[in-house]
Amino acid sequence: MKKILVTGALGQIGTELTLALRKKYGNENVIASDIRHKASKVIEETGPFHWADVTIPDTLKHIIINYDVDTVFHLAAILSAVGEKDPQLCWNVNMMGTINMLEIGVKHKLDRIIIPSSMAVWGAGVPQDLTPQDSVLKPSTMYGITKVAGELLCDYYVQKYGLDCRGLRYPGIISSETLPGGGTTDYAVDIFYSAIKTGSYSCFLSEETMLPMMYMPDCLKATIDLAEADFANLNHHSDFNVAAMSFTPKQLAESIRKYIPSFTIDYAPDFRQKIADSWPHSIDDSSARNEWGWAPSFDLDAMTKDMLEKLSAKHKLGLI
Ligand code: NAD
Ligand code: AKB
């Protein structure tokens with residue numbers, strides 16, 4: 001990994017992944033790209049940023065040729081809640097973006113491409129507790145459908161063209177730097193901003209909705225560790241289950257109350273409840289642990305403490 005392109009680099013994960021990769025591989029060696037024209041100050045100040053639409057392959061090829069890119073982290077996507085509001089957009093960005101990236105990978109002989117998947121690949125027909133690695137994939141959302149098809153496409157390109165393509169099924173990601181982009185697990189980020197700013201939160205999922213989640217430092221570690229793993233040791237490629245913790249909105253509120261005792265929460269479930277109900281409660285990630293040594297560091301209370309400290313500091317500075 002000498003020259004790296006990150007697509008969707010202004011998103012929740014892309015922003016922090018770009019910064020982590022720049023720290024590790026050198027600022028000039030990590031090119032950020034997104035369909036949004038204006039990058040955040042920190043992304044623009046620390047390295048190259050280019051506009052690119054993943055549905056238009058020439059915009060990607062241009063960067064790959066100019067910078068002699070050998071590795072791509074393909075993060076541009078439309079997430080579950082936005083995807084249910086505009087299924088065609090979700091299909092177009094997620095599927096065209098993925099196949100364009102894979103085709104470029106073959107034609108430009110890229111060393112490797114990392115394409116995240118999601119726990120949204122699951123739906124009916126699997127155990128919701130400790131959902132296994134190799135299982136029935138029958139999602140009920142357009143987003144989930146694109147994630148299943150994306151995994152299958154990656155595995156096809158591995159087998160047919162020998163392309164090195166890897167991916168992992170993230171649970172809901174919680175972070176303090178960039179707001180999430182329109183998913184069903186966004187409540188678990190929003191709740192912290194509300195706790196700091198107003199001391200109360202109205203949750204769009206019901207209090208007992210148990211979902212797998214992961215704190216951003218673990219997400220970055222998982223992504224970079226998988227990207228750096230020896231391909232020869234991997235039996236799976238595009239679909240590694242990864243897990244860190246599972247909790248309900250009620251349990252998250254209780255964790256926040258350990259630090260802000262007056263915090264209050266109420267529940268007003270909306271269309272996202274149905275999506276959440278179709279996803280696992282917890283995930284079996286033993287293949288990731290065995291094949292590339294995955295192990296998370298943050299549990300619920302450790303994450304809550306860190307999120308509240310980071311957001312309180314930003315709030316005092318008037319940044320949120
Ligand atoms: P996000 O919505 O925060 O960011 C996605 C980025 O893609 C945005 O900055 C957006 O501007 C950009 N984008 C949209 N359409 C584009 C296009 N046509 N061309 C180029 N860029 C475009 O998403 P995220 O949370 O950072 O997710 C990154 C990846 O991780 C996605 O594949 C997502 O499915 C996966 N994932 C995320 C989570 C999570 O909780 N954040 C969980 C599971 C999987
Ligand atoms: C979403 O809620 O859509 C994402 C995901 C789990 O893929 N956070």
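The values are calculated or read from the model by the stated rules, or taken from the named source; none is laboratory data. Just so you know, these numbers come straight off a predicted model, no measurement behind them. So basically every Cβ, Gly included, is an ideal-geometry build from the backbone, and we count neighbours across all protein chains shown. Each accessible area value is taken on the protein alone, full model and side chains, heavy atoms only, with ligands, DNA and RNA left out. Shrake-Rupley method; radii C 1.70, N 1.55, O 1.52, S 1.80 Å.
Does Leu75 satisfy the criteria of being over 20 Å from Ala227 (Cα atoms) and either over 17 Å from the mean Cα position of the chain (by Cα) or at pLDDT 95 or above (or both)? Spell out how you get there, then give the answer.
Numbers: over 20 Å from Ala227 (Cα atoms): no; either over 17 Å from the mean Cα position of the chain (by Cα) or at pLDDT 95 or above (or both): yes.
So Leu75 does not fit the description; no.
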**Condition check for Leu211: in contact (Cβ under 8 Å) with a residue 12 or more places away in the chain and open to solvent by 20 Å² or more (accessible area, probe 1.4 Å)** = no
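For segment 54-90, which positions are touching a Lys or Arg at 6+ places or on another chain (Cβ under 6 Å) and within 13 Å of ligand 1 (Cβ to nearest atom)? Let's see the steps before the verdict.
First pass over segment 54-90, keeping only residues touching a Lys or Arg at 6+ places or on another chain (Cβ under 6 Å): 67-71, 81.
Listed by number, the list holds a single entry, Ala81.
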**Message:** If I filter segment 159-177 for residues that are β-branched (Val, Ile, Thr) and over 24 Å from Thr264 (Cα atoms), do I get at least one hit?
**Reply:** no
**Request:** Report the residue count in segment 77-105 for those that are outside any helix (DSSP H, G or I) and in contact (Cβ under 8 Å) with a residue 24 or more places away in the chain.
**Result:** 3
**Message:** Just to be sure I understand, how many residues within segment 108-147 are open to solvent by less than 20 Å² (accessible area, probe 1.4 Å) and of a type outside the set (Ser, Thr, Tyr)?
**Reply:** 12
**Message:** Considering only segment 12-21, I want to know if a residue exists there that is open to solvent by 20 Å² or more (accessible area, probe 1.4 Å), farther than 28 Å from Tyr187 by Cα and of a type in the set (D, E, K, R).
**Reply:** no
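Sort out which residues of segment 168-177 are more than 9 Å from ligand 2 (Cβ to nearest atom) and either surrounded by fewer than 24 Cβ atoms within 10 Å (Cβ to Cβ) or hydroxyl-bearing (Ser, Thr, Tyr) (or both), and write them in order of number. Working first, answer last.
First pass over segment 168-177, keeping only residues more than 9 Å from ligand 2 (Cβ to nearest atom): 168, 174-177.
Within segment 168-177, Ser175, Ser176, Glu177 qualify.
If I filter segment 264-320 down to residues being aromatic (Phe, Trp, Tyr) and part of a loop (DSSP other than H, G, I, E, B), which single residue comes out as most open to solvent (accessible area, probe 1.4 Å)?
Pass one, segment 264-320, residues aromatic (Phe, Trp, Tyr): 267, 271, 279, 292, 294, 298.
Still in the list and also part of a loop (DSSP other than H, G, I, E, B): 271, 279, 294, 298.
Details: Phe271: 84, Trp279: 12, Trp294: 5, Phe298: 51 Å².
Step by step, filter segment 264-320, then rank; the result is Phe271.
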**Request:** Residues that are under 20 Å from Met96 (Cβ atoms) and in the same structural domain as Leu79 (by TED's automatic domain parsing): find the helices (runs of 4 or more DSSP H) completely inside segment 1-68 holding 3 or more of those.
**Result:** 57-67
**Request:** Output the residues belonging to segment 56-107 that are open to solvent by 50 Å² or more (accessible area, probe 1.4 Å) and within 26 Å of Lys160 (Cα to Cα).
**Result:** Ile56, Asp58, Lys61, His62, Ile65, Asp68, Trp91, Asn92, Met96, Ile99, Glu103, Lys107
**Message:** Here's a check for you: in segment 178-207, which residue that is outside any helix (DSSP H, G or I) and charged (D, E, K, R) is nearest to ligand 2 (Cβ to nearest atom)?
**Reply:** Asp186
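So in segment 1-23, with the set limited to residues that are charged (D, E, K, R) and over 18 Å from Leu168 (Cβ atoms), which one is nearest to ligand 1 (Cβ to nearest atom)?
Step one: list which residues in segment 1-23 are charged (D, E, K, R), which gives 2-3, 16, 22-23.
When the remaining residues are screened for being over 18 Å from Leu168 (Cβ atoms), the result is 2-3, 22-23.
Details: Lys2: 23, Lys3: 19, Arg22: 16, Lys23: 18 Å.
Taking the candidates together, the pick is Arg22.
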**Request:** Quick one: count up the residues across segment 148-167 that are more than 14 Å from ligand 1 (Cβ to nearest atom), open to solvent by less than 30 Å² (accessible area, probe 1.4 Å) and closer than 13 Å to Thr98 by Cβ.
**Result:** 2
**Fill in**
Across (1) touching a Ser or Thr at 6+ places or on another chain (Cβ under 9 Å); (2) surrounded by fewer than 16 Cβ atoms within 10 Å (Cβ to Cβ); (3) outside the structural domain of Thr131 (by TED's automatic domain parsing); (4) not small (Gly, Ala, Ser), Tyr201 clears everything bar (2)
